[in-house]
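The values are calculated or read from the model by the stated rules, or taken from the named source; none is laboratory data. Worth saying up front: this structure is predicted, and the values here are computed from it rather than measured. Counting neighbours? That spans all protein chains shown, and the Cβs are built from the backbone with ideal geometry, glycine included. Side chains included, ligands, DNA and RNA excluded: accessible areas come from the protein's heavy atoms. Shrake-Rupley method; radii C 1.70, N 1.55, O 1.52, S 1.80 Å.
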Amino acid sequence: MPLPFPSTRAAAATLVALWLLPTDAAAQNFVAVTDSTNPIIAVTAAGSYTGAAWVDVDDDGLLDFFVVRRRPIFRNLGNGNFEIMSGALNGQGAQLGTTWSDYDNDGDIDCFMSGSVTATQGSLLYRNDGGFSFTKITTGDIGNSLDNAGWGCAWADIDNDSYTDLVIAAANGFGGVNHVNRLFYNNADGTFSSIDTTVVTDSLDAHTIPTWSDYDQDGDVDLFIGSGEISQLDPDNLFRNMTTEIGGGGWGFERITTAPIATDLVDGQVWNWIDIDNDGDLDGFLTNYNFAKTSNLYRNDGGTYVGMTESEVGTIVSETGAALANVWGDFDNDGDLDCFVTNDGAGKNDYFSNDGDGTFTQDLASAVVQENGPHYGTTIADYDNDGDLDLYVHGTTATKRLYRNDLANGFAWLNVKLVGGGAGASNISAIGAKVRALATIDGSPIWQLREVSAQNSFNSMNMLNVHFGLKNATVVDSLVIEWPAGGVETYTDVPVNLFLRLTEGTDPTGAAAVSTSSRISWLRQNSPNPFRPQTTIGFEVPSVGNVSLRIFDTAGRLVRTLVDEPRPAGSYGELWDGRSESGRPVAAGVYFYRLRAVGLNGRGIEESRRMTLLK
């Protein structure tokens, strides 16, 4: 029987823009924007431990900007220019965090802000009514702002029902909060129900920043809450989503107890799950606020997590400081994820460049690590649409900075905005979607993986677009979208240096350069074919898991097993010399070869092709 694999839908793509980069060599080159006429530069900051977000409020392809506790939204006019949209988010108090999602699937993105009891306004939901006009929601479970007080907040579709739900991390003992976390289930009619019967909401702790990620790649998003108490070290609160296991429309959570990610003593702030080594699985990174703890990096070795040391990965796990945010992006477009960390107090921030071999080099010369703090949240976006990632660092009025990345190495890139199909499909903001890109970099086929997330920093969120650095690749061989609703769509031969808008489940529109397929094909035709006396069978593996490649005769009898072992994501070629398992030459004729691959999430692929052996 074929292995289960998510159904695919026809894909849609709109090519938004094509931008070419200069060709002189250089690494990332962050430049602090100092133009006082830029309202992002001129605005004063308010309060401590607050965040910011890059978000396309009016869906015009330009990323707008929002800072917590500021009523205006800074509308992106293009070419690095912004205008103030005054009073867009009126009625705020002293909020802390922000997360954005189109929770009602009406085509515009909505805003949630978390805040404490002492903020007088607590936590607030604002519905986007278009034209930079918002309505504060004051009714229903989610409208009880003081009762919903908390530190951080994050949207995610916990049961893949097309609508995003919300968690608020309640930092017990901070800001007058003395209740458990809040979990709000989206009723799909513009209202929410407060759920207090899960393990997520059953205990008090200094819950700080929540992030959602399908860390085990089983098709549902899991929850990771930094729980830094400052004065002592404890394990963080991590929860596995059981929607896939329960099935039938049911959902729930269980506490993760896996060592070392759930047992290490930490003062956790922000969890991020990213593929640091391009092997197809997600590795974990955690910032710690306590000076007695450095950041934690957990390499994922096929579902086993290994805490990294300085000798293994560099000073990314040994730098001390009151670390708050960590954000990950390919700032130099070389095909792997780099890391930026903010530090509270008078300390400077940290930047770590990915060396591409599992290690990181600390950059002490970049402009982003020259300024003393305090620094709080930070957020990544390509706000000027030039193909590289820019960085905003929040702090006080004196320490906040907007850094424009003037990358000049000519490396290729791809920027993708996903739009879910809405009711009956994936949430319109596509939060929880996974995107995989295969491209040949430095002569080797490399798979990269990104997730769409509405909270991935300290009280802040990066742009929802996913960005891939591609270095010297001339084309993206395969771009695979795994939608939250379960569908998978594949684009092949995608040009580089491109902005793409991909919409779930519609016919191709305006995308002549991008081809689509009705299902994913991972197995290539052997070459040469027909052949004598040997041939090479090429195939790709979309994610780490068990792989088998076997040859059968026309009667279905096994002739030879070429592969039967776990392998990471990647592209492979196996040589068959026309011999059986016993080493004897087989007769000329038609043979079939079959690829089976089962990922850690239990999903798999099975494909077969025929070939001809000549005398």
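I'd like to verify a number: residues in region 436-471 that are open to solvent by 30 Å² or more (accessible area, probe 1.4 Å) and of a type outside the set (A, V, I, L, M), how many?
8
When you look at Gly268, is it out of contact with any Phe, Trp or Tyr (no Cβ under 9 Å at 6 or more places or on another chain), over 29 Å from Ala437 (Cβ atoms) and open to solvent by less than 30 Å² (accessible area, probe 1.4 Å), yes or no?
Numbers: out of contact with any Phe, Trp or Tyr (no Cβ under 9 Å at 6 or more places or on another chain): no; over 29 Å from Ala437 (Cβ atoms): yes; open to solvent by less than 30 Å² (accessible area, probe 1.4 Å): yes.
For Gly268, the condition - out of contact with any Phe, Trp or Tyr (no Cβ under 9 Å at 6 or more places or on another chain), over 29 Å from Ala437 (Cβ atoms) and open to solvent by less than 30 Å² (accessible area, probe 1.4 Å) - is not met.
Let me spell it out: the conditions are (1) in contact (Cβ under 8 Å) with a residue 60 or more places away in the chain; (2) within 23 Å of Thr440 (Cα to Cα); (3) open to solvent by less than 60 Å² (accessible area, probe 1.4 Å), and Val547 meets all of them except one. Which number is the exception?
(1)
Quickly run through region 219-233 and pick out the residues that are out of contact with any Leu (no Cβ under 8 Å at 6 or more places or on another chain) and within 22 Å of Gly432 (Cα to Cα). Walk me through it before giving the result.
Within region 219-233, the first condition is being out of contact with any Leu (no Cβ under 8 Å at 6 or more places or on another chain), and the residues that meet it are 219-221, 227-232.
Correct list: Gly219, Asp220, Val221.
Enumerate the pairs (first residue in region 567-596 and in contact (Cβ under 8 Å) with a residue 40 or more places away in the chain; second residue anywhere and of a type in the set (Phe, Trp, Tyr) and in a strand (DSSP E or B)) with beta-carbon separation below 7 Å, excluding pairs fewer than 6 apart on the same chain, so at least 6 apart or on different chains.
Ala569/Trp447; Gly570/Trp447; Tyr591/Phe552; Phe592/Phe552; Arg594/Phe552; Leu595/Phe539
Considering only residues of region 472-512 that are small (Gly, Ala, Ser) and open to solvent by less than 50 Å² (accessible area, probe 1.4 Å), which is modelled with the lowest pLDDT? Working first, answer last.
First pass over region 472-512, keeping only residues small (Gly, Ala, Ser): 473, 478, 485-487, 505, 510-512.
Adding the requirement that they be open to solvent by less than 50 Å² (accessible area, probe 1.4 Å) leaves 473, 478, 485-487, 505, 511.
Values: Ala473: 96, Ser478: 88, Ala485: 94, Gly486: 91, Gly487: 88, Gly505: 77, Ala511: 34.
This residue is Ala511.
For region 128-177, which strands (runs of 3 or more DSSP E) that fit wholly inside it have 2 or more residues that are in contact with a strand residue (DSSP E or B) (Cβ under 9 Å, 6 or more places away or on another chain), surrounded by fewer than 20 Cβ atoms within 10 Å (Cβ to Cβ) and modelled with pLDDT of 95 or more? Show your work before the answer.
Numbers: elements: 134-137, 152-156, 165-169.
Counting at least 2 such residues, we get 134-137.
Taking region 281-306 as the search range and keeping residues that are small (Gly, Ala, Ser) and under 13 Å from Val266 (Cα atoms), which one is surrounded by the most Cβ atoms within 10 Å (Cβ to Cβ)? Steps first, please.
Going residue by residue through region 281-306, those that are small (Gly, Ala, Ser) are 284, 292, 295, 302-303.
Now narrow it down to the ones that are under 13 Å from Val266 (Cα atoms): 292, 295.
On the way: Ala292: 9, Ser295: 25.
My answer is Ser295.
Kindly indicate the residue of region 359-380 that is open to solvent by less than 20 Å² (accessible area, probe 1.4 Å) and either closer than 21 Å to Asn290 by Cα or not β-branched (Val, Ile, Thr) (or both) and also farthest from the chain's Cα centre (by Cα) among those meeting that condition. Break it down into steps so the answer makes sense when it comes.
Start the filter on region 359-380 by keeping residues that are open to solvent by less than 20 Å² (accessible area, probe 1.4 Å), which leaves 360, 366, 368-369, 373, 375-380.
Adding the requirement that they be either closer than 21 Å to Asn290 by Cα or not β-branched (Val, Ile, Thr) (or both) leaves 360, 366, 369, 373, 375-378.
On the way: Phe360: 20, Ser366: 25, Val369: 24, Gly373: 27, His375: 23, Tyr376: 21, Gly377: 17, Thr378: 15 Å.
So, considering only residues that are open to solvent by less than 20 Å² (accessible area, probe 1.4 Å) and either closer than 21 Å to Asn290 by Cα or not β-branched (Val, Ile, Thr) (or both), the one farthest from the chain's Cα centre (by Cα) is Gly373.
Return the pairs, sorted by first residue and then second, in which the second residue is among the aliphatic types (A, V, I, L, M) and open to solvent by 50 Å² or more (accessible area, probe 1.4 Å), the first residue lies in region 234-260 and is within 12 Å of Val200 (Cα to Cα), the beta carbons are less than 8 Å apart, and the residues are 6+ apart or on different chains.
Listed pairs, sorted by first residue: Gly252/Ile246.
For region 565-596: of the residues being among the polar types (S, T, N, Q) and open to solvent by less than 60 Å² (accessible area, probe 1.4 Å), which is farthest from the chain's Cα centre (by Cα)? So that I can check it myself, show each step before the final result.
Going residue by residue through region 565-596, those that are among the polar types (S, T, N, Q) are 571, 580, 582.
Restricting the remaining residues to those that are open to solvent by less than 60 Å² (accessible area, probe 1.4 Å) gives 571, 580.
Numbers: Ser571: 23, Ser580: 45 Å.
Among those residues, the one meeting the criterion is Ser580.
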